[in-house]
Amino acid sequence: MKAVKLFAQRTQALISIDPAASQVTDPINVTQIKNAKIFNILDTLHGFLTNFLSACSENVKIVGDPIDLEKQAKSIVVPIFLRATKQFESVLFSIHKEDFNSDTFNTTEGGSNYIKILQAQVTHFQSEILTSFAPRFLNPLLTEMAIRLINFFIRQASLIRPLSESGKLRLAADMAQLEFVVSLLTPVKELGSTYRSLRAFRPLIFRETQLIPDSQELEYLPTSVVLHHLISRASASLISPQTHRGWSNLRYSEWMDGKSEGEILAGIKAALDAYVAQVNAKGEKQFAPEYPVMMTLLTRWAEKNTNKDR
């Protein structure tokens, strides 16, 4: 065991950790090529050791733990994946610079500009960076990246406001294109609930507001996503939770990363309470049609999760 651990420790001194080792915008550089060679040696030794141990009887002395080699190999590629994920998120966030309130949608455009940029960057990441690394340790990281990108997209798409009928068509086309882009990383149908969420969000945006509480899409989407989308349908008087807090979409998105679903819903409820107070203060008798639907979903979520805690 000491031999393998010592080898893993020795390779650590050879691994470059400067910024050039994790860049993802240019072709692979000499630093990354050197790290890739170390990574592939660790991968090969890990495979040999794993096969050797599985073929040995239980009373054979363990010569080393393959996990030490895997940890060292992943220390090389995790910084690359982190930087790439942040870059892809930045591209997806530029969805808020697009116009989804237009009265027209050209089906020949092939998706919004941010989706085209994302596809180019993901293609570059795969063809220019990852091809030098053995795939075994990369696959879990690619799956994790794909899940993050889909969930991040759904979050940002739910925050789009205003969203016209033509905008919905454009957004649906972007979802189809996103599915293709993610498939460049990993088979999307193997992403389970995350893939089902993406597939559910597309019909949800076309569903009539009053029918949403009984729609099957709710089974696959977080309640917060559905509520954010419903807010995008409402008049400006029903303010968004980020507006209620005086935050930008970026700050609100970053805040949600560290919060539970219950905490996010509490923030939405606070914005709805402010809306009700505003309506009452004006002496108005009617709420926006989205409001009672949102309250139904909030109540349903609270009842379901209260029962879970009992």
Residues of region 125-142 classified as touching a residue at least 40 places away in the same chain (Cβ under 8 Å), surrounded by 13 or more Cβ atoms within 10 Å (Cβ to Cβ) and in a helix (DSSP H, G or I), total:
8
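Could you say which residue among Ile33, Ile17, Ile41 is open to solvent by 90 Å² or more (accessible area, probe 1.4 Å), at pLDDT 85 or above and within 31 Å of the chain's Cα centre (by Cα)?
Working: Ile33 fails: open to solvent by 90 Å² or more (accessible area, probe 1.4 Å); Ile41 fails: within 31 Å of the chain's Cα centre (by Cα).
On inspection, the qualifying residue turns out to be Ile17.
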When restricted to Ile147, Ile115, Ile95, Ile154, the only residue closer than 26 Å to Leu227 by Cβ, open to solvent by 40 Å² or more (accessible area, probe 1.4 Å), in a helix (DSSP H, G or I) and touching a residue at least 40 places away in the same chain (Cβ under 8 Å) is Ile147
So which residues in region 234-267 are farther than 21 Å from Trp301 by Cα, among the polar types (S, T, N, Q) and more than 21 Å from the chain's Cα centre (by Cα), if there are any at all?
Ser235, Ser237, Thr243
Which residue pairs have Cβ atoms closer than 8 Å, lie 6 or more positions apart in sequence or on different chains, and pair a first residue in region 38-53 that is closer than 12 Å to Glu70 by Cα with a second residue that is open to solvent by 40 Å² or more (accessible area, probe 1.4 Å) and of a type in the set (Phe, Trp, Tyr)?
Leu45/Phe7
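The values are calculated or read from the model by the stated rules, or taken from the named source; none is laboratory data. Everything numeric in this text was worked out from a predicted model, so none of it was measured. No Cβ is skipped: glycine too gets one built from the backbone with ideal geometry, and neighbour counts run over all protein chains shown. For accessibility, only protein heavy atoms count, side chains too; no ligands or nucleic acids. Shrake-Rupley method; radii C 1.70, N 1.55, O 1.52, S 1.80 Å.
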